[in-house]
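I have placed the structure first, in the form of structure tokens, so that the comments after it can refer back to it.
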Amino acid sequence: GENVEQHPSTLSVQEGDSAVIKCTYSDSASNYFPWYKQELGKRPQLIIDIRSNVGEKKDQRIAVTLNKTAKHFSLHITETQPEDSAVYFCAASMGNAGNMLTFGGGTRLMVKP
Amino acid sequence: EAEVAQSPRYKITEKSQAVAFWCDPISGHATLYWYRQILGQGPELLVQFQDESVVDDSQLPKDRFSAERLKGVDSTLKIQPAELGDSAMYLCASSFGQGVDTQYFGPGTRLTVL
């Protein structure tokens with residue numbers, strides 16, 4: 001089955017700096033890669049996703065890049081703010097009949113004011 | 001904005017007892033997922049329904065876990081008997097279709113087994 005590894009497990013940045021979180025996946029058939037943000041005690045919420053037919057996607061301060069050859073994808077957050085502090089999870093799916101997501105282990109991002 | 005509902009939010013039980021969790025997906029969402037999230041880890045899929053049918057339950061420990069979605073709307077996940085290692089957050093998610101559709105998560109049920 002699919003295996004997703006996520007690094008780093010914790011990341012501390014100063015407000016205004018950029019943050020980058022990286023994930024690798026094992027199954028070359030995976031073609032859908034969402035990122036979820038989970039604040040303490042709250043539900044995971046989708047912040048951005050990318051499909052395998054594109055290499056990069058941006059939404060304001062958030063961007064995701066995908067390298068299918070190397071089987072890795074990354075989340076980039078620019079101009080970080082204290083409210084960006086949360087746990088971020090990457091996931092991968094083959095997007096087929098099941099669309100079953102395999103999640104990475106999570107990255108705890110702390111943005112210091 | 002419609003959200004996935006789950007109850008209870010918290011459950012404390014003793015080992016060997018039975019527990020049940022309920023999930024009500026977003027109206028019109030045909031696909032429903034149950035995940036288990038151990039503290040400090042990512043969610044792990046337990047079972048997926050398409051309407052009332054199970055699409056995948058390969059990761060569901062069937063000797064003690066069961067899940068149903070009888071009318072293709074709300075769903076119940078049951079554990080009997082509960083074990084200490086079952087302590088975790090149980091998340092329900094739903095999506096409109098089966099393909100590459102956004103999965104929306106509920107608030108989860110935090111289970112503590114004593």
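Just so it is clear, none of the values below were taken in a lab; they were calculated from the coordinates. The structure displayed is predicted, hence computed values, not measured ones. Glycine gets a Cβ as well: all are built from the backbone with ideal geometry, and neighbour counts include every protein chain shown.
Couple of notes before you dig in:
- From the C-alpha gyration tensor of chain B, square roots of 5λ in Å: 23, 14, 13
- Across peptide B:17-27, the average count of Cβ atoms from other chains found within 10 Å of a residue's Cβ is 0.
- Spatial separation of Cα centroids for the range A:27-75 and the range B:16-47, in angstrom: 22
- Lysines whose Cα lies under 28 Å from that of B:Lys78, excluding same-chain neighbours fewer than 8 positions away: A:Lys37, A:Lys42, B:Lys11, B:Lys15, B:Lys62
- Projecting label points 7 angstrom from Cα along Cα→Cβ for A:Glu2 and A:Arg51 puts them 1.5 nm apart.
- Within the protein assembly as shown, percent of DSSP bridges classed antiparallel, to nearest 5: 90
- Using R0 = 30 Å, the C-beta based FRET efficiency linking B:Ala18 and B:Glu52 works out to 0.85.
- In loop segments of the range A:34-87 as defined by DSSP, the GluC sites (Glu not before Pro) with at most 15 further C-beta atoms inside 10 Å of their C-beta are A:Glu39, A:Glu79.
- Ratio of Rg to Rh over the protein assembly as shown (Cα coordinates, Kirkwood Rh, two decimals): 0.97
- Considering only B:Tyr33, B:Cys23, B:Pro61, the residue lying farthest towards the positive end of the dipole of chain B is B:Pro61, judged by Cα position with unit charges set on Cβ.
- Among A:Gln60, A:Gln45, A:Gln14, the largest mean-square fluctuation in a Gaussian network model of chain A, built with springs joining Cα atoms closer than 10 Å, belongs to A:Gln60.
- A:Lys42-A:Glu79 pseudo-label distance in nm [points 7 Å out on the Cα-to-Cβ vector]: 2.0
- Peptide-level mean, for A:40-46, of C-beta atoms on other protein chains within 10 Å: 5
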